[in-house]
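Bear in mind these aren't lab numbers, they're just calculated from the coordinates by the rules spelled out. Predicted model only: the values in this text are computed from it and were never measured. Using ideal geometry, Cβ is built from the backbone for each residue, glycine included, and neighbour counts are taken over all protein chains shown.
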Amino acid sequence: MGKGFRGTVMDYPDFDANSDAETLYNAMKGIGSDKETILDLITSRSNAQRQEIAAAYKSLYGKDLIGDLKYELTGKFERLIVCLMRPPAYHDAKEIKDAIKGAGTNEKCLIEILASRTSEQIHDMKAAYKDAYDRDMEEDVIGDTSGHFKKMLVVLLQGTRDESGVVNADLVEEDARELYAAGEEQWGTDEATFIMLLGNRSVTHLRMVFDEYQKLTEKSIEESIKSELSGDFERLMLAVVQCIRSVPMFFAKRLYKSMKGLGTADNTLIRIMISRSELDMLDIRECFRLQYEKSLYSMIKDDTSGEYKRTLLHLCGGDDDLAGEFFPEAAQIAYKMWEISAMTKVQLRGTIRPAADFDPASDAKALRKAMKGFGTDEDAIIDIVTQRSNEQRQQIRQAFKSNLGRDLMADLKSELSKNLCRLIMGLMMTPAEFDSRMMKKAMEGAGTDEHALIEVLVTRSNQEIQAMNEAFQEAYHKSLEDAISSDTSGHFCQLLVSLVQGAREEGPADNERAMVDAQELGDACNADSDDMEMKFMSILCTRSFPHLRKVFQEFVKCTNKDIEQIIKKEMSGDFKNACYAIVRSVKNQPSYLADRLYKAMKVLFEGLGTDDRALIRIMVSRCEVDLFNIRKEFKDTYEASLHDFIQGDTSGDYRKALLLLCGGED
């Protein structure tokens, strides 16, 4: 990616293999071992120097250093130190061997290694595998995998990718059209074309092909792969594309996922920290900071413990200032990320569609029957309400009143209870009624749910906000603006009032104006906090989303910083949260909402219960808009399906209704 040395571990000056071997021997002599000395020494020597130490150890003491380390150390710390002692090719070979031995296959490990290694690294790894196990790696991989996944792995194992850096300009457009013809343009997918092009063309060439593909289809190649391919083959091809775009960003995302959520994927964490420590760990750290607004160092520190943690932190090499300037390579990635976001036209998909052969009178009668007499048939209510569009539900409400002379909402409220009642009632309201109800709930009582206010106002269109204002006035005889003004204060109040006008500009980006806006935001970063917040509010609350994408892209160019990091570092409180939510929504709104869903449910695992109000609010409001996209983002980010999270986090009829809205397991 960049030029020059970008690792965190390098040759130790004044190196003396015999002296180091003696130090390690003394650290392991007698009862117990000096773990601090062992980790300090091994993490401060390059891999080549470690091999010299191992040879010196055998010459001086007639013993195998790795064998002694295995005997003296335990657990994850032992695994990490022993892996550091292996030559890189032999380490990769062992990881591949471990991935395919036994009853199951670790496809994620195969994908990570084979998608990210250079041709030279792959040839060295295959030779090491043959030397260590007297077996052919390709034959073993073939015997343990199948289908198009196997075919692509075999292509990558050849180590024949063009690494000359030469681009055939005539082929760029042709390859982009071939990929389009192989997928989006036809019914079904020609996987062989994807395999041939993505497995052999040079990195430089493919980056240009991806740009051309995006111009041609208004979709990123990643979006097409997600829609055209599936399973391990989809995951492998996405990994190849990510590595073509940026190997450090690929590893930053893998590291984040290894530590995010319940437990730590220690094998992944160890493998990456070791394999990249002498190659591009500095770039990975920068990409991590760019993507997640926190340093890799701090996440390792929070997620691990003991000597294992200290060893990993040595390999990481330092804690990055959150809002520091980018290295040039990371700035280029940040700029490119905003460019891709601006160019991509995402097709939003809900999970609830209008029911076929719809009969509102029949549904109204069935609902009355489910609530009549002793007991309530919750299953019948759930099946009807969750499998009709909102427009159809409004017709059912009207038919219930016209044909039966009863208020459906009142009957449901009296028959259902707790979260199921809240969910079903939310689904039976119009979107504007529901949004106004959510805003009222966020402001009533002793405390204010600022996150709910932010989420609703940031993710709704002008038309939705205006309809919500009307519904709020009708239901509560008070304007939503007045309610917000009396319940919040300061710049946060002003920001919400600006959003509640529903007057955000619409239309495409104005490139010339975007450069001016970016410069004004950059200049505001050097002003006092009040002036900075007012300038950010004036631009973030009024410009169209397509325009803001261009503004944030130009902001990277004129400041060498990312807008998200500036907001997190320089702002505070609810105003910061609101600005951050706007930026997240501009970049990728389904991703922002997936994160909100994750936070609504992950609190259960921290002993605090589920934020059911947030869960209901998002599931109800997005099920006909973009819940399918939210599901995909949830799976990509947390490596667990939204369906599985709901399954494990809720119960009974409430869970059944949520799962029907979710619409699938992914």
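The table for this structure:
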read-out	value
Relative contact order [Cα under 8 Å, 6+ residues apart], region 452-571, whole percent	25 percent
Region 457-466 - phi-based ³J(HN,Hα) in whole Hz, Karplus 6.51/-1.76/1.60, Gly and Pro as x	6, 6, 9, 9, 6, 4, 5, 5, 5, 5
Mean Cβ count within 10 Å, highest first, over the residues of peptides 308-319, 275-286	275-286, 308-319
Projected label distance in nm at Cys421 and Ile31, using a 7 Å step from Cα toward the beta-carbon	6.7 nm
Cα long-axis angle, helix 266-276 against the chain (0 to 90 degrees, to the nearest 10)	60 degrees
Highest-first arrangement of 545-557, 290-302, where packing means the average Cβ count within 10 Å	545-557, 290-302
Theoretical gain in end-to-end length, Asn18 to Thr448 [0.36 nm per residue, Cα-Cα removed]	148.2 nm
Overall form of the chain per C-alpha gyration tensor (a/c, 1.5; a/b vs b/c)	prolate
Segment Ala48-Glu139, length gained on full extension (0.36 nm per residue, minus Cα span)	29.8 nm
Lys/Arg +1, Asp/Glu -1 at C-beta; the chain dipole; positive extreme among Ala265, Ile66, Phe552	Ala265
Spatially close lysines, pair count over region 387-488: Cα under 22 Å, gap of eight or more or interchain	7
Distance (nanometres) between label positions extended 7 Å along Cα→Cβ at Lys70 and Asp40	2.8 nm
Calculated FRET value between Cys493 and Ser362, using beta carbons and R₀ = 45 Å, to 0.05	0.40
The chain, relative contact order in percent, only Cα pairs under 8 angstrom and at least six apart counted	12 percent
Rounded if a/c under 1.5, otherwise prolate or oblate - region 254-323, Cα gyration tensor axes	rounded
Per-pair calculated FRET efficiency, R0 = 51 Å: Asn168 and Lys401 via Cβ, rounded to 0.05	0.15
Zone residues, region 88-114, relative to Gln158, backbone N less than 11 Å from point 7 Å out along Cα-to-Cβ	none
Helix-only mean residue ellipticity at 222 nm for the chain, each DSSP H run of n ≥ 4 adding -39500 (n - 2.57), per residue, nearest 500	-22000 deg cm²/dmol
Tilt relative to the chain, helix 573-602 - C-alpha long axis, 0 to 90 degrees, to 10	80 degrees
Extended-chain gain in nm, criterion 0.36 nm per residue less alpha-carbon gap, Lys441 and Ser572	44.7 nm
Eligible lysines near Lys94 by straight Cα distance, threshold 17 Å, same-chain separation 8 or greater	Lys70, Lys76, Lys108, Lys126, Lys130
Listed peptides 415-427, 437-449 by packing density, highest first (mean Cβ within 10 Å)	415-427, 437-449
Label-point separation, Asn462 to Ala127 (7 Å along Cα→Cβ), nm	6.5 nm
